[in-house]
Amino acid sequence: MQNRLPLTIDPIKAAQKRLDYTGVYLAKNAGRLSESVEYVNSDIHCSLSFGYDERKLCVIAVDAEVEVTLICQRCQQPFVSRIHVENKFSPVKSDAQIEALPEYYEPAMLNEFGEVDILALVEDEIILSLPIAPVHDSKHCEVSEAELVFGEIPTEEGKPNPFAILASLKNKP
Ligand SMILES: [Zn+2]
């Protein structure tokens, strides 16, 4: 078991050696994830396992967890969410190889040096699993379900109410 996570790695060589890694990617190195959430609260805890399956395909098993702050789309307040991803990848060099990949593997693109950018792959996986419209648990949300159904639609501060604009247009001679 290796404790330093690779940023990039030759997955074929790693699979031949059946390498396993457990460690962290520092939050400050996850720039694209930072741009996708309000705040990255923790480092990315990650396990990687390289090997071959029964079809002799190279497999990269990824398990990663990170805590992030998201903004509730209902009440606009921040809340903390733990994101856990788990997936299996197989290295590919071309679109044809992606096509040929069994559907239970995700493609991991090899660069010109025959390596996979593992941090980018882990970041992509986490970003893809973020909720499209994050919302609180309803018991923690400042906007209750009842208000959502029966209440007025909250208007963003500073923006004129579209109904008020309509009304003023109607009143014009
Ligand atoms: Zn909320």
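The values are calculated or read from the model by the stated rules, or taken from the named source; none is laboratory data. Everything numeric in this text was worked out from a predicted model, so none of it was measured. Here the Cβ positions follow ideal geometry from the backbone for every residue, glycine too, while neighbour counts run over all protein chains shown. In case anyone asks, the SASA skips ligands and DNA or RNA and just uses the protein heavy atoms, side chains included. Shrake-Rupley method; radii C 1.70, N 1.55, O 1.52, S 1.80 Å.
What the table shows:
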| read-out | value |
| --- | --- |
| Enumeration of residues in region 7-58 that are in a loop (DSSP other than H, G, I, E, B) and under 19 Å from the mean Cα position of the chain (by Cα) | 7, 26, 30, 37, 38, 41, 42, 43 |
| Residue pairs meeting the criteria (Cβ under 7 Å; at least 6 apart or on separate chains; first closer than 20 Å to residue 42 by Cβ, in region 56-81; second open to solvent by 50 Å² or more (accessible area, probe 1.4 Å) and among the polar types (S, T, N, Q)) | 67/41; 68/41; 69/41; 80/41 |
| From 97, 77, residue being open to solvent by 50 Å² or more (accessible area, probe 1.4 Å) and under 30 Å from residue 138 (Cα atoms) | 77 |
| Residue 88 being open to solvent by 80 Å² or more (accessible area, probe 1.4 Å) and touching a Gly at 6+ places or on another chain (Cβ under 9 Å) | no |
| Residue in region 124-141 that is more than 27 Å from residue 35 (Cα to Cα), free of Cβ contacts under 8 Å to residues at least 40 places away in the same chain and either out of contact with any Cys (no Cβ under 9 Å at 6 or more places or on another chain) or away from the ligand (no atom under 16 Å from the Cβ) (or both) present | yes |
| Among the residues listed as 55, 32, the single one being open to solvent by 80 Å² or more (accessible area, probe 1.4 Å) and within 15 Å of residue 124 (Cα to Cα) | 32 |
| Hits in region 72-92 - residues which are assigned to a strand (DSSP E or B), farther than 23 Å from residue 10 by Cβ and either of a type in the set (Phe, Trp, Tyr) or more than 15 Å from the chain's Cα centre (by Cα) (or both) | 78, 79 |
| Tally of residues being surrounded by 18 or more Cβ atoms within 10 Å (Cβ to Cβ) and assigned to a strand (DSSP E or B) across region 108-138 | 2 |
| Hey, residue 39 touching a residue at least 24 places away in the same chain (Cβ under 8 Å), surrounded by fewer than 17 Cβ atoms within 10 Å (Cβ to Cβ) and aromatic (Phe, Trp, Tyr) or not | yes |
